[in-house]
1. Within the stretch 207-229, can you find the residues that are over 14 Å from the mean Cα position of the chain (by Cα), within 12 Å of the ligand (Cβ to nearest atom) and in a helix (DSSP H, G or I)?
2. Any idea which of (1) within 23 Å of Asn112 (Cβ to Cβ); (2) part of a helix (DSSP H, G or I) is the one Gly13 doesn't satisfy?
3. For the stretch 182-204, enumerate the residues that are more than 9 Å from the ligand (Cβ to nearest atom) and surrounded by 18 or more Cβ atoms within 10 Å (Cβ to Cβ).
4. How many of the residues in the stretch 43-81 are over 17 Å from the mean Cα position of the chain (by Cα), farther than 21 Å from Lys120 by Cα, in a helix (DSSP H, G or I) and not charged (D, E, K, R)?
5. Tally time: how many residues in the stretch 206-241 are in contact with a helix residue (DSSP H, G or I) (Cβ under 6 Å, 6 or more places away or on another chain) and either modelled with pLDDT under 90 or crowded, with 20+ Cβ neighbours inside 10 Å (or both)?
6. Provide a single number: the residues in the stretch 172-202 that are within 19 Å of the chain's Cα centre (by Cα) and either within 22 Å of Lys256 (Cβ to Cβ) or among the hydrophobic types (A, V, I, L, M, F, W, C) (or both).
7. Do we have Ala46 as within 11 Å of the ligand (Cβ to nearest atom) and not hydroxyl-bearing (Ser, Thr, Tyr) here?
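The values are calculated or read from the model by the stated rules, or taken from the named source; none is laboratory data. Note that this is a predicted model, so its numbers are computed, not measured. For neighbour counting, all protein chains shown are included, and Cβ atoms are generated from backbone atoms with ideal geometry for every residue, glycine included.
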Amino acid sequence: MEDKTAQTVVITGSSRGFGLCQAKKFKELGCNVVISGVNETNLAKALAELEQINPQDTRAVSVVCNVTERSNLEKLWDSAADAFGGVDIWVNNAGVNSPDRPVCELTEREINNILDVDLKGVVSGTAVAFAGMRAQGYGKIYNVEGYGSNDAMMTGLTMYGTAKRAVTYFTRSMARESHDLTGDCIKVCRLSPGIMITDFITHANGGETSIVLSDKTKKFYNIVADYPETVVDYVVPRMITNDKNDAKIEWLTGAKVAVRFLTAGFRKRDFFAGQE
Ligand SMILES: NC(=O)c1ccc[n+]([C@@H]2O[C@H](COP(=O)([O-])OP(=O)(O)OC[C@H]3O[C@@H](n4cnc5c(N)ncnc54)[C@H](O)[C@@H]3O)[C@@H](O)[C@H]2O)c1
């Protein structure tokens, strides 16, 4: 049952998108992975894909987990610890986008959903993983940042940005708590993936609402965005080797953005070709 030669990685919201891509890369690099999400059918499909990767050395399991329910996150921890004897890396990845509307036009339900998943889900996930890691004496937690983490502001993204700005503060303050409580044995870190072409950029409320991208937004994404497969090639090896508390693993740095704009005329990319 227990295999401590391979590291064990738990990722919330990993039945698709960035979460699933991370799981594939971790498995390719020799880690056992525990994927999770709200939809059992999507999870089963994702698990079947993962089982094809590096099957001799690694295993994957899936657990249904809605991050808005702390009891689900506790079950996720327990399932991972039972299957693999501990958790080395826990990624609070699950997230939903804002509908592209100002706050005064959002319903109470839409606002609550963003805060419940994007902020409360990360707080609960961190609390559960931290407690488990404190008991086992080691571990790394990565919280996924996003638009607003650096104080950027835009009409239509206020609630998402509010949640992600708070995630950044919370993660850094938890790193401080870990320093005081565990002498940095548990690393609480930030993962900044930039902009990725996933369902996230065209859907809000966890898939319920479509977001129509303007030509200007598409042009911007064609310059700065990447497929998640590109991002994980960079971030996942660094997540494995990182040994610092309060680290930030960042794909799209300011310097990279500047180069992208300077070279945009030569790098013709169209992620939306063939779409309406
Ligand atoms: N795509 C981007 O441009 C981008 C940029 C910066 C940060 N991010 C962040 O990356 C993370 C992953 O986003 P993505 O692009 O893969 O989006 P995605 O929509 O493809 O995936 C989000 C995942 O979260 C899951 N999820 C949603 N609500 C959940 C809940 N209540 N409980 C459990 N799982 C839930 C979804 O089922 C899905 O698997 C999010 O935290 C997002 O904020 C995305």
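1. Once the filter is applied, which keeps residues that are over 14 Å from the mean Cα position of the chain (by Cα), within 12 Å of the ligand (Cβ to nearest atom) and in a helix (DSSP H, G or I), the stretch 207-229 yields Gly207, Thr217, Phe220, Tyr221, Val224.
2. (2)
3. Thr182, Ile186, Lys187, Val188, Cys189, Arg190, Ala204
4. Filtering the stretch 43-81 down to residues over 17 Å from the mean Cα position of the chain (by Cα) leaves 44-45, 47-61, 69-72, 74-75, 78-81.
Still in the list and also farther than 21 Å from Lys120 by Cα: 44-45, 47-61, 79-81.
Imposing the further condition that a residue be in a helix (DSSP H, G or I) reduces the set to 44-45, 47-51, 79-81.
So of that shortlist, the ones also not charged (D, E, K, R) come out as 44, 47-48, 50, 79-81.
Qualifying residue count, the stretch 43-81: 7.
5. Qualifying residue count for the region: 3.
6. Looking only at that region, the number is 16.
7. Working: within 11 Å of the ligand (Cβ to nearest atom): yes; not hydroxyl-bearing (Ser, Thr, Tyr): yes.
Considered against the rule, which asks whether it is within 11 Å of the ligand (Cβ to nearest atom) and not hydroxyl-bearing (Ser, Thr, Tyr), Ala46 comes out as yes.
Condition check ((1) within 20 Å of Phe18 (Cβ to Cβ); (2) modelled with pLDDT of 95 or more; (3) of a type outside the set (Lys, Arg); (4) crowded, with 18+ Cβ neighbours inside 10 Å) across all residues:
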{"position": "Val103", "(1), (2), (3), (4)": "no, yes, yes, no"}
{"position": "Val128", "(1), (2), (3), (4)": "no, yes, yes, yes"}
{"position": "Ala135", "(1), (2), (3), (4)": "no, yes, yes, no"}
{"position": "Ile141", "(1), (2), (3), (4)": "yes, yes, yes, yes"}
{"position": "Tyr147", "(1), (2), (3), (4)": "yes, yes, yes, no"}
{"position": "Val167", "(1), (2), (3), (4)": "yes, yes, yes, yes"}
